[in-house]
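The block underneath contains the structure these notes are about, expressed in structure tokens.
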Amino acid sequence: MTSTIDAADTAWMISATALVLMMSLPGLALFYCGMVRKKNVLATMAQTLLCVCVGSLLWAAFCYSLTFVGEGAFIGTLGRAFFSNIGMATTSPLAATIPEILFAAYQMTFAVITVALVAGSVVDRMRFAALLCFAVLWLPVVYVPIAHWVWGNGWLMNLGMLDFAGGTVVHLNAGVAGLVAACVIGKRHGYGSENLSPHDLSLAVIGTGLLWVGWFGFNGGSALAAGSRAAFAIMATHLSACAGAVTWMALEWWTRGKPSVLGMISGAVAGLGTITPASGFVLPWHGIVIGVIAGAVCFWACTKLKLALRYDDSLDVFGVHGVGGAVGTLLTGVFATASVSASVGAAGISGLIEGRPVQVLIQLCGIAATIVWSGVATFVLLKLIGLFVPLRVSKESEFEGLDLSQHGEALQ
């Protein structure tokens, strides 16, 4: 049999895999550690490192197989456990022009960053041992089923839901899990009464830049080929990030009198997360519209909504990724354009603005399913872990800082 592996597609996907891994290390690690207090910088970076290492091992062991092998409506099979039965010329039916081992590696980078995103909601107070237990359980119990439903021939994929690069699987999933974790573990001591301002926003800006560039692999790579669709996804991604940053900046300038650096990078990440599910289905100008909506809605979620509900989501994972993921998934059903998505089928896929309103309802179904499964399963897992390992550090350890109390190290 002649191999279908294409050299150009393979080269692009190797690059995209490296770009997405860079989003976690060092991108997300720097982005997160720049927004915490000095005494928790190393602990925050260690959380991301832990999620990448543990998540990768679990992915190789059985999570890849359960996500992308088989055609079960709710979960896959163990036919590729430990990457068994994958040869040099083996391809996946979901990515026929690249080696299957490369497809597995690319999807692995998505899985590990999702777990790491969740940890941002509970920095400054979650015990490292508890996070280890959480990462080991959350990836197979929460991430794998949702990823299979949406991308692995599961029921949402067969229903016709559109999620190009992870609006539900990654961002909404992580945002909901982060909100639940923040509520279960409780607020940081001094939240609302003490100065919990970031230690070094310059690190967060550097992290934002790495995330931004890495997102080209995140969204562009989800085309799984080196072609026009990847290029369109990259352009929509970049424009949405720019529009999100400018919108957040304008709103903060208007309401608070000064545009903050933290607000600008938050708006950029909001634009990046919100365009993610739509990036391979929309035109570049749609990316600008989606970015403006992302900047406005996520700004509201991180200020008004967070204040009204009185939860302590340390790094606004829910407000940026959760809300942005839901909004972007819904807007995918509005803006999906047949001319961009034509590679999916002969006629392409259309949304509301092209006369197919049913797509919006399908998108809402996917959003609801993700919220319910992620929220309920995360709550149960945290309560279960709490029976064996305390979820948060002691009050004294929190005041001392997690760098010293959890790792015996500190920045000088």
- Check whether at least one residue in region 169-180 is assigned to a loop (DSSP other than H, G, I, E, B) and either modelled with pLDDT under 95 or in contact with a Ser or Thr (Cβ under 7 Å, 6 or more places away or on another chain) (or both), and report yes or no. no
- Condition check for Thr303: closer than 21 Å to Phe216 by Cα, among the polar types (S, T, N, Q) and either out of contact with any strand residue (DSSP E or B) (no Cβ under 8 Å at 6 or more places or on another chain) or in contact (Cβ under 8 Å) with a residue 12 or more places away in the chain (or both): no
- Query: Any idea which of (1) modelled with pLDDT under 95; (2) within 23 Å of the chain's Cα centre (by Cα); (3) not basic (Lys, Arg) is the one Glu71 doesn't satisfy?
  - Reply: (2)
- Conditions: (1) in contact with a Gly (Cβ under 7 Å, 6 or more places away or on another chain); (2) over 16 Å from Gln47 (Cβ atoms); (3) in a helix (DSSP H, G or I). Leu203 meets all but one. Number of the miss? (2)
- Query: Of the numbered conditions (1) among the polar types (S, T, N, Q); (2) closer than 21 Å to Pro284 by Cα; (3) touching a residue at least 60 places away in the same chain (Cβ under 8 Å), Ser222 satisfies every one except a single condition; which is it?
  - Reply: (3)
- Message: Looking at region 335-357, can you tell me whether even one residue there is charged (D, E, K, R), surrounded by fewer than 18 Cβ atoms within 10 Å (Cβ to Cβ) and assigned to a helix (DSSP H, G or I)?
- Response: yes
- Unique residue being of a type in the set (Ser, Thr, Tyr), farther than 30 Å from Ile5 by Cα and free of Cβ contacts under 8 Å to residues at least 12 places away in the same chain when the list is Ser260, Ser202, Ser266: Ser260
- Task: Consider Leu131 carefully, then state whether it is touching a His at 6+ places or on another chain (Cβ under 8 Å), under 22 Å from Cys53 (Cβ atoms) and buried (at least 24 other Cβ atoms within 10 Å of the Cβ).
- Result: no
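The values are calculated or read from the model by the stated rules, or taken from the named source; none is laboratory data. These numbers were taken from a predicted model, which means no experiment stands behind them. Cβ: placed from backbone, ideal geometry, glycine included. Neighbour counts: every protein chain shown.
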